[in-house]
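The values are calculated or read from the model by the stated rules, or taken from the named source; none is laboratory data. What you are looking at is a predicted structure, and each value in this text was computed from that prediction instead of being measured. Cβ sites come from the backbone with ideal geometry, for glycine too, and all protein chains shown count toward neighbours.
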């Protein structure tokens, strides 16, 4: 019988994709999930996908989540692949988070402070009990409203800085780098590190940040401040020459305040770790701030001993799109290389056998 | 002295956190000579070794090395590739902890062979022959040539490090407490070995040690350091038998009491 | 395809990549960092090769894509279709007809010519990474041409196995200067790298590196004088076309240890059969 090599087959691929599409729709008797529902009711997922996809577009993120069947890494990947094709019209001015329309602002280092503690929308103080009544509930009872406090809400780090208690961030020279437009050159400047962390995998950031708390490169963090709310984005179009407001983004910003022992030229002061995330994302922003501070170890003359302090290690492995692609590429065919390995092992076996036979013959 | 010095340092200074580690250190090392730098921990002797070998940059002063062609090189003005090449060929460094320079996941033969290969050796059989000879020379059973260093005792590891360092026949070897972590009985054997090798190969060496007995056994000259300064220097026997500086006297007498 | 530029990438990006390619050609074997873009294919699935191909492709080019030497493997099909869709270029499975060949893990058996470009997909451009995981330190080693550690790896193999045990992604010295990964091609293919008339471009998307071997460049597989490099293949003839000099895939045909060997290069095999060569299991085409 003549052997016919298996044709990988465009047909098989098309059928596999069709099957997946069918599975995505689920039971046709259940109504289809609309991206608007995801956008409105799975907001935290949308925000995570926007952060890891590096694109602030709630509607598109919701669509990506639907298309990816709730696989958030896959959804972020869809968003990234779309983002890369978009022309760049301009670059925004630095966002002014002191002018944030605050929804939430808490500090763990002061009992009270100008502007007060504002809890905002949170589940922080709930008991994590599955709410069996939730499916039956249509509208929750209305939350009580209050007038926003007109008092300014200075950032805690700025309050400490005014007293000279915080080591000022060394200013990076020139325009910050963009990792998506220029190849990263090691060692990365802080701006590039922050960008890498801001789009990093939340689980990875969490694990790395957590490891610093367990003694692997710890620096005694305090949550100086976490604030969340809308910040306006401004650009200066070339043809106008002055700044215009192009819309708002909702952000969570975290500044960790950490110990610092000082060096031969500097007195002991506090240092800060910085975290910024799209949407309401305390965990993400806090983790990022912990890792950012750990990565400053080298700059501060501290010993670099822990994984979270190793910028090359952290930033080379934080990106879940890169990681998932490379891990999953192992399912592509590798039979040519494997064949060469089989041949090599067989050669070694034959050699060992010949050796044993020769010895036996002696 | 007819030959010019191999290594010359003038006015070396260095401070950590405002604490001076080196203050105005002058030093000369002649070809084939072993110079012991002694002093208590914190006296600056390890800093001196690191500065002389280019691993640390001094705050002030200069260290010059004379290459086989007689050309002088300011160690701290050399381009990084040149300094690294020097460390791979003409120079050697023996650490107190051999794990710092050995590759623990590479066989004994591979460890000795690495410097040969870095110097361009490309004949497996020849590399193996040289590695075998070096293992014998440092009293390691050549049948262990394919064993990993992690199966070696502390003394064997130190001897393997020495074989690896000397395989390219360097002219100058920096030694940092080479017998530091070893039992007394193992130390004696190693010292004997090092003394023989240094003599036979005509190697010059800067040897840092806190142990005056080690200095007495290996070094022709000695420099006594305290607080980052060389307080006394001279022929080893002379300095140890008739110390002039009060600190040297104290050092020598405290050894005698032990 | 609607809404996308020719060959997917915008022209500025292509220009940036072409600049990296030119630099890579100027310094054979040296890894040039480039601002790798997010692609609609996952990392590790050929994003580097695709970006290189997209940047050099013109409308008159004829593209061939292979994976494991075959035109019909899933990833080759996917990438070929990507360019058919986004660039509308002609595609082919015939090696001779292609002007650009994108490959994963093989070099075609048919000798390439000076009018062809071979684009490799590279998962890990740094040949030193298993010995030295820090890329910063690796760069230093390349800068100083400190490759002793790589020879130690070869030495250890010979000491342990009597021979070098690297069977694919076998490191090479390009133009007597840079230690280079040939990508995970079998060591059998390494001799083809040497003085190849075609331009060879290597793209690593996730690692953001491009490197090149210009036409007719010396490429030497690392070895020892008394243990010279030797390419290996299965000791068999292709069951379909009878070829004895090509790289062979092993196909398991039953659960009783039955197996046969067939050419990994499907186009080469088909060409031989068309020319009347027949193996033990093959039917004349």
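Out of (1) under 30 Å from residue C:139 (Cβ atoms); (2) assigned by TED's automatic domain parsing to the domain that holds residue A:320; (3) out of contact with any strand residue (DSSP E or B) (no Cβ under 8 Å at 6 or more places or on another chain), the odd one out for residue A:218 is which?
(1)
Looking at (1) touching a residue at least 24 places away in the same chain (Cβ under 8 Å); (2) crowded, with 22+ Cβ neighbours inside 10 Å; (3) outside any helix (DSSP H, G or I), which is the only condition residue C:42 fails?
For residue C:42, the failing item is (1).
Do the conditions hold for residue A:289, that is, is it more than 14 Å from chain C (Cβ to nearest Cβ) and touching a strand residue (DSSP E or B) at 6+ places or on another chain (Cβ under 6 Å)?
yes
Would you check which residues across segment A:144-153 are in contact with a helix residue (DSSP H, G or I) (Cβ under 9 Å, 6 or more places away or on another chain) and within 22 Å of residue A:122 (Cβ to Cβ) and list them?
A:153
So is residue B:179 within 17 Å of the chain's Cα centre (by Cα) and at pLDDT below 90 or not?
So residue B:179 fits the description; yes.
Filter segment C:52-78 for residues that are touching a strand residue (DSSP E or B) at 6+ places or on another chain (Cβ under 6 Å), assigned to a helix (DSSP H, G or I) and at pLDDT 95 or above and give the result.
C:52, C:53, C:54
Being within 14 Å of another protein chain (Cβ to nearest Cβ) and in contact with a strand residue (DSSP E or B) (Cβ under 9 Å, 6 or more places away or on another chain) is the requirement here; does residue A:185 meet it?
Criteria met by residue A:185.
Could you list, in sequence order, the residues of segment A:325-341 that are at the interface with chain C (Cβ under 7 Å from one of its Cβ atoms) and either in contact (Cβ under 8 Å) with a residue 24 or more places away in the chain or part of a helix (DSSP H, G or I) (or both)?
The answer is A:325, A:326, A:328, A:329, A:335, A:336, A:337, A:339, A:340, A:341.
Of the conditions (1) crowded, with 18+ Cβ neighbours inside 10 Å; (2) at pLDDT 95 or above, residue B:106 fails just one. Which one is it?
(2)
Kindly provide the set of residues from segment C:85-118 that are under 15 Å from residue C:264 (Cα atoms) and either assigned to a loop (DSSP other than H, G, I, E, B) or more than 14 Å from chain A (Cβ to nearest Cβ) (or both), ordered by number.
Correct list: C:93, C:94, C:95, C:105, C:106, C:107, C:108, C:109, C:110.
Would you list the helices (runs of 4 or more DSSP H) that sit entirely within segment A:1-84 and hold 3 or more residues that are outside the structural domain of residue A:276 (by TED's automatic domain parsing) and closer than 22 Å to residue C:42 by Cβ?
A:10-25, A:43-53, A:58-67, A:72-83
Give me the pairs: first residue in segment A:61-82 and on the phi > 0 side of the Ramachandran plot, second residue part of a helix (DSSP H, G or I), beta-carbon distance under 6 Å, and six or more apart or on different chains, which are they?
Final answer for the pair search is A:69/A:24.
Among the listed residues B:74, B:59, B:69, B:28, identify the single one that is touching a strand residue (DSSP E or B) at 6+ places or on another chain (Cβ under 6 Å), more than 13 Å from residue B:204 (Cβ to Cβ) and without any contact (Cβ under 8 Å) to a residue 40 or more places away in the chain.
The match here is B:74.
Conditions first: (1) closer than 28 Å to residue A:317 by Cβ; (2) assigned to a helix (DSSP H, G or I). Residue A:159 passes all but one, so which condition is the exception?
Unmet for residue A:159, out of (1) closer than 28 Å to residue A:317 by Cβ; (2) assigned to a helix (DSSP H, G or I): (1).
When only residues in segment B:1-24 that are part of a loop (DSSP other than H, G, I, E, B) and in contact with a strand residue (DSSP E or B) (Cβ under 7 Å, 6 or more places away or on another chain) count, which is surrounded by the fewest Cβ atoms within 10 Å (Cβ to Cβ)?
B:4
Please verify whether residue B:166 is closer than 23 Å to residue B:53 by Cβ, crowded, with 23+ Cβ neighbours inside 10 Å and touching a strand residue (DSSP E or B) at 6+ places or on another chain (Cβ under 9 Å), treating the condition exactly as stated.
Taking the combined requirement at face value, the residue does not satisfy it.
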